[in-house]
Amino acid sequence: MSTTIDIPAESSAAAKGKAPLIGITSSSHVKGGGYKKGFAICDFLLRLGAVIAALSAAATMGTSGETLPFFTQFFQFEASYDDLPSLQFFVIAMAIIGGYLVLSLPFSFVAIIRPHAVGLRLLLLILDTVALTLNTAAAAAATAIVYLAHNGNPSSNWLAVCQQFGDFCQKVSGAVVASFVSVVVFMLLVVISGLALRRQN
């Protein structure tokens, strides 16, 4: 007389059902890492563009100056950025921003290699926000002066000078445009960092 003992074995369907779960988890992890790496690459390229815009704005404003070909015995008609404190502030601020962007490039490159580094991304987000505030203040201060140079202000007897100092106004206007390009890039950098940190959770 024989006794048969049935040993419950895991069905092949159940065994097959477990394998895709591992694949799905791994694929999701890789997909998330791909998004973060894409954000990091965009961050690095945008910083390169912001470096060019910020340093161009500072250099253009710093070299702006024009002397009219006629003068009197006591007066020489000259316009330069260092005649106005707002434009001096603009040059200093944009130079600081350009220096910060250059120093931030290695950190941005590290974020490409290590896209899951939360602390590095958070640091860049904080510093970019501070730089954005400084950049906006400098651009706004210079914009007010450039507007007065082009249009004047009859209420305060401030005459428009761009008809006489055309080259000077052209340079300072270009510097202001470049500074606002830098502002837009900083806004994009802050948004990218925020999205990258959001996907970390």
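The values are calculated or read from the model by the stated rules, or taken from the named source; none is laboratory data. Keep in mind that what you see is a predicted model, and the values were worked out from it rather than measured. Don't worry about glycine lacking a Cβ; one is built from the backbone with ideal geometry, like all the others, and counts go over all protein chains shown. Ligands, DNA and RNA are excluded from the accessible area calculation, which covers all protein heavy atoms including side chains. Shrake-Rupley method; radii C 1.70, N 1.55, O 1.52, S 1.80 Å.
Using the Cβ-Cβ distance between Phe109 and Asn151 with R0 set to 45 Å, the FRET efficiency from 1/(1 + (r/R0)^6) comes to roughly 0.50. Taking all protein chains together and a 1.4 Å probe, the residues Arg198, Arg47, Arg114 rank Arg198, Arg114, Arg47 from largest to smallest accessible area.
Looking at the range 89-201, the pairs of alpha carbons with a distance over 19 Å make up 54% of the total. In this rough spin-label picture, where each label sits 7 Å from Cα along the Cβ direction, the Val177-Thr129 distance is 3.3 nm.
In the range 99-201, Cα pairs under 8 Å separated by at least six residues give a relative contact order of 35 percent.
Largest to smallest in accessible area, the residues Val102, Val185, Val190 fall in the order Val102, Val190, Val185 (1.4 Å probe, all protein chains included). 3J(HN,Hα) along the range 41-48, derived from phi through the Karplus expression 6.51 cos²θ - 1.76 cosθ + 1.60 where θ = phi - 60°, amounts to 5, 4, 4, 5, 5, 5, 5, 4 Hz, with x in place of Gly and Pro.
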